[in-house]
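The values are calculated or read from the model by the stated rules, or taken from the named source; none is laboratory data. Since this is a predicted model, take the numbers as computed values, not measurements. Cβ placement follows ideal geometry from the backbone for every residue including glycine, while neighbour counts extend to all protein chains displayed. Only protein heavy atoms, including side chains, enter the accessible area calculation; ligands, DNA and RNA are left aside. Shrake-Rupley method; radii C 1.70, N 1.55, O 1.52, S 1.80 Å.
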Amino acid sequence: DVKVTQSSRYLVKRTGEKVFLECVQDMDHENMFWYRQDPGLGLRLIYFSYDVKMKEKGDIPEGYSVSREKKERFSLILESASTNQTSMYLCASSQRVQPQHFGDGTRLSIL
Amino acid sequence: QKEVEQDPGPLSVPEGAIVSLNCTYSNSAFQYFMWYRQYSRKGPELLMYTYSSGNKEDGRFTAQVDKSSKYISLFIRDSQPSDSATYLCANGGDTGRRALTFGSGTRLQVQP
């Protein structure tokens, strides 16, 4: 079974902090994704990566950056956290056009 | 208009009922279609995956795709309280976009 592991289930940070969310997958998938999930808005794509050091903006990249130095690891960075970034963050991976597999999410609160 | 529309519910049914969950989509470039199930405080897990129009069955679950009307459905037979979750439809295969496009999810409650 594919395993996507997100480093933290719950995280509380302060406004203005730089926040790192980490994601690791164990199936050598080429694609990795970061989404945020908010009530009534569903899953919205922030960034995705289709190869090491490659990234593309999703639908809502503002205020975020990403890093993919190794194939199995994809990091989401909140450069200067703001309260409107309080959300559930979901990481996913997939091989080519195969379905995405998700981690259990990080519930991030910015105070 | 959202690319993928889904009634948010909640949908409440008695145990044993047949459940019908639906999505409509606007992008005719979508080539493959998925249903995910998401329990509270967990990530989405893949339930069904299909490329083509028609039906695909897996145990109590049947996915139905009608590309001509841009309509996809998930049927759950003999529903159980453990089926209580949010169900997300997701579409993909638009060659200009590697990621999936998700509906906002329908919350299902199966009453014992």
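Quick one: in segment B:38-94, which of the residues that are basic (K, R) and in contact (Cβ under 8 Å) with a residue 40 or more places away in the chain is farthest from B:S20 (Cα to Cα)? Result: B:K70. The set of residues in segment B:34-57 being more than 16 Å from B:I76 (Cβ to Cβ), more than 10 Å from chain A (Cβ to nearest Cβ) and not hydroxyl-bearing (S, T, Y) consists of B:G54 alone. Counted as qualifying within segment B:3-100 are the strands (runs of 3 or more DSSP E) with 2 or more residues that are under 25 Å from A:Q95 (Cα atoms), of a type in the set (G, A, S) and open to solvent by less than 30 Å² (accessible area, probe 1.4 Å), namely B:85-92.
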